[in-house]
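Enquirer: I am attaching a structure below and will ask some questions about it afterwards.
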Amino acid sequence: MIREHGYSHWDGQFIERRLPWWPITRLNLKLAFRKKHFRPVYAFSFMPAFFFIVAIYISERIEDFQFIMRGGRAVLFEINPNFFKNYLASDFLLFMLILIMVFAAAGLIADDFRFNALTFYFSRPLRKRDYLLGKAAVIAFFVLSLTAIPAILFIFIKILFAGNFSLLKNYPWLPLSIIGYSLFLTFFYCIYALFLSCLSRHSRYVSVMIFAVYVFSDFLYGFFYNWFRQPFLLLLSLKHNLQQVAAFAFGVKPAQPVPWFWSFLVLGLFCLLAGYLIIRKIRAVEVIR
Amino acid sequence: MKVEVSHLHFSYGSIKALDDVSLSLEGGATGLLGPNGAGKTTLIKILLGFLRPEKGEGRVLGFDILHEPRKIRQLVGYMPEDDCFLPGMDAVTFTAFFGELAGMPRQEAMKRAHEVLFYVGLGEARYRLLETYSAGMRQRLKLAQALVHDPQLLFLDEPTSNLDPQGRMEILELIKDLANGKGIQILLSSHILSDIEMVCEHVIILNRGKVVAQGKIKDLKTMNFRLYELKIKGEREKWLAELAARGCQSEVTEDGLIRLYLPAEINPREIFMAAFKTGVQIRHFKPSQYTLEDFFARAVGVD
């Protein structure tokens, strides 16, 4: 006899959760922070935010910092939509987001496949969309914490340092641009990471794929661009497509003379296809016909 | 009726997994018995709403399996056959997590997780990482997650697979305890006859997707037949043909032992009369116990 206690019934009541996916998100966030090396990587991702806050401070104390203004560097300290675009679509931030996906998102679905956990999830009153939302919310947390939250914070800090609302008066749509582009980035990273996570049962392979697809798409663009010198080749690069959309969102001139909607279309098609495949792959049971 | 299905059909491509299955479960523990590939797991997955039957309908705890699977899953506990867990977690977090997903408030799910882990004998190991658990411990963990939300009905799919004899006995003891007076109805799927005999009062035998028998184990074991074991000298085939003509069925084991199934209305004297007629000497004659194994073998048509 191995029982240590007798069986007792639970006399509580089930509750109807407004967000049935929240326990999944909470648990996976907890597991992500427990991962080796994840916390330093996540903390390091806030470095650009720190430098941009310093830049906002300098922009308000420009006379005190004349010594660094030589050579037309003053443009770096102009707080305008381009400043926010530079933060949200910087190579470094987009790359750090990929690194965060490598650590925190690779195993989100792959581990459930590997350890047959999907059966457990779906033996609960959980819909497929609750499961996917729970997983996507983990990615959304990390992406938004590095995009929308710091960018909105920049606005507050600018208002605080300036002592006036001139930034919002000049660019009243700026908060909407920040939120809109951050949500777009979040959506893309969620689909990107979840799609790759459901392609393998091994999170290590998924980590490699998350990293490799992003880097390789950029490499491909660089390779062909050097060869053909056609700006439309940027459509091959995930990073450049994201930056083109950012330029549109903040109303600034894009780096390449390619209409933003082509990039949006490429990313949209990728998300549609990936989303369809995710939905097809997630099942409570493997049905082989 | 807690479970009632009628005329269920399901195929995996050209392979018929369930073919016109109709059954109902009463209270207590019911065994779902059948050889591998009989359709046991498919049936459980249909009852949980994981698979949609091509034809047929059913109700579990009063809810429609086609339209209300989420309500069913809230009230049913399911212990799958596969080895499943979530890496990087301890048993308390794991069990409480699935309690929460079932709709329990967080604090209560945590409290209840401790209780069920103690119940299944994992009390001391409840803070250990699941990766370090043995096969037996993982099996008990699967049972704990199935019990955490105090289900009215428990589906156990091959709960003793991959266990050593001691681990198997421990799990069966737990299931037996749950089946006795705890108010939880159990559907135990297994291809191991002794497991079903030990725990269940009722049995449903599936073979090639069809229900070949269902009822109380006690009734099935005693119905219609008396069993005798014999050894003979003489022309066995002729004698068996004579007995078959009189309505007896037989099987010959590998060591030459003949097992005779006598319908209730036939007098055992017929055996000797047939032997006299065919010139066979009976060297060994012993009334035998008709086991579930015998019934199962006859029902699914194997030795």
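The values are calculated or read from the model by the stated rules, or taken from the named source; none is laboratory data. Predicted model only: the values in this text are computed from it and were never measured. Cβ: placed from backbone, ideal geometry, glycine included. Neighbour counts: every protein chain shown. Remember, those area values only see protein heavy atoms, side chains included, never the ligands or the DNA or RNA. Shrake-Rupley method; radii C 1.70, N 1.55, O 1.52, S 1.80 Å.
Enquirer: I need a count of the residues in segment A:167-196 that are under 15 Å from A:Phe264 (Cα atoms) and open to solvent by 20 Å² or more (accessible area, probe 1.4 Å).
Expert: 5
Enquirer: Are there helices (runs of 4 or more DSSP H) fully within segment A:199-289 with at least 3 residues that are in contact with a Ser or Thr (Cβ under 8 Å, 6 or more places away or on another chain)? List them.
Expert: Once the helices (runs of 4 or more DSSP H) in segment A:199-289 are filtered for at least 3 residues that are in contact with a Ser or Thr (Cβ under 8 Å, 6 or more places away or on another chain), what remains is A:203-228, A:238-249.
Enquirer: Quick check on segment B:162-171. Is at least one of its residues buried (at least 20 other Cβ atoms within 10 Å of the Cβ) and under 25 Å from B:Ser24 (Cα atoms)?
Expert: No - not one qualifying residue is present in segment B:162-171.
Enquirer: Of the residues A:Ile24, A:Ile53, which single one is closer than 24 Å to A:Gly134 by Cβ and open to solvent by less than 60 Å² (accessible area, probe 1.4 Å)?
Expert: When all the criteria are applied, what remains is A:Ile24.
Enquirer: Then there's this: Of the numbered conditions (1) touching a helix residue (DSSP H, G or I) at 6+ places or on another chain (Cβ under 6 Å); (2) of a type in the set (Lys, Arg); (3) assigned to a helix (DSSP H, G or I), A:Lys169 fails exactly one; give the number of that condition.
Expert: (1)
Enquirer: Now, a different point. Return yes or no: is B:Leu18 crowded, with 23+ Cβ neighbours inside 10 Å, part of a strand (DSSP E or B) and under 20 Å from the mean Cα position of the chain (by Cα)?
Expert: yes
Enquirer: To continue, here is another question. Where residues in segment A:232-283 are among the β-branched types (Val, Ile, Thr) and closer than 26 Å to A:Pro81 by Cα, which of them is most open to solvent (accessible area, probe 1.4 Å)?
Expert: A:Val266
Enquirer: Exactly one condition in (1) at pLDDT 85 or above; (2) over 30 Å from B:Leu18 (Cα atoms); (3) crowded, with 16+ Cβ neighbours inside 10 Å is false for B:Leu206; which is it?
Expert: Only one criterion in (1) at pLDDT 85 or above; (2) over 30 Å from B:Leu18 (Cα atoms); (3) crowded, with 16+ Cβ neighbours inside 10 Å is unmet by B:Leu206, namely (2).
Enquirer: Considering only helices (runs of 4 or more DSSP H) fully contained in segment A:25-140, which possess at least 2 residues that are among the hydrophobic types (A, V, I, L, M, F, W, C) and within 14 Å of chain B (Cβ to nearest Cβ)?
Expert: A:91-104, A:107-114, A:118-122
Enquirer: Another question, then. Report whether or not B:Leu43 is more than 16 Å from B:Ile204 (Cβ to Cβ), within 14 Å of chain A (Cβ to nearest Cβ) and touching a residue at least 24 places away in the same chain (Cβ under 8 Å).
Expert: No; evaluated as a whole, the condition is false for this residue.
Enquirer: Out of all the residues in segment B:123-141, which are surrounded by fewer than 23 Cβ atoms within 10 Å (Cβ to Cβ) and facing chain A (nearest Cβ under 10 Å)?
Expert: B:Gly123, B:Glu124, B:Leu130, B:Glu131, B:Gly136
Enquirer: Also, quick follow-up: Considering segment A:27-50 alone, what residues qualify as being hydrophobic (A, V, I, L, M, F, W, C) and open to solvent by 90 Å² or more (accessible area, probe 1.4 Å)?
Expert: A:Phe44, A:Phe50
Enquirer: Return the residues of segment B:101-117 that are of a type in the set (A, V, I, L, M, F, W, C) and more than 17 Å from B:Ile175 (Cβ to Cβ); say none if nothing qualifies.
Expert: Of everything in segment B:101-117, those that are of a type in the set (A, V, I, L, M, F, W, C) and more than 17 Å from B:Ile175 (Cβ to Cβ) turn out to be B:Leu101, B:Ala102, B:Met104, B:Ala109, B:Met110, B:Ala113.
Enquirer: Could you figure out which of (1) more than 15 Å from A:Val138 (Cβ to Cβ); (2) open to solvent by less than 20 Å² (accessible area, probe 1.4 Å); (3) polar (S, T, N, Q) isn't true of A:Asn164?
Expert: Here A:Asn164 meets the rest and fails (2).
Enquirer: On to the next question. List the helices (runs of 4 or more DSSP H) that sit entirely inside segment B:22-122 and contain at least 1 residues that are more than 20 Å from B:Ser161 (Cα to Cα), open to solvent by 40 Å² or more (accessible area, probe 1.4 Å) and in contact with a strand residue (DSSP E or B) (Cβ under 6 Å, 6 or more places away or on another chain).
Expert: B:69-75
Enquirer: Counting only residues that are within 13 Å of A:Ala137 (Cβ to Cβ) and in a loop (DSSP other than H, G, I, E, B), which one in segment A:1-24 is farthest from the other protein chains (Cβ to nearest Cβ)?
Expert: Here the residue is A:Leu19.
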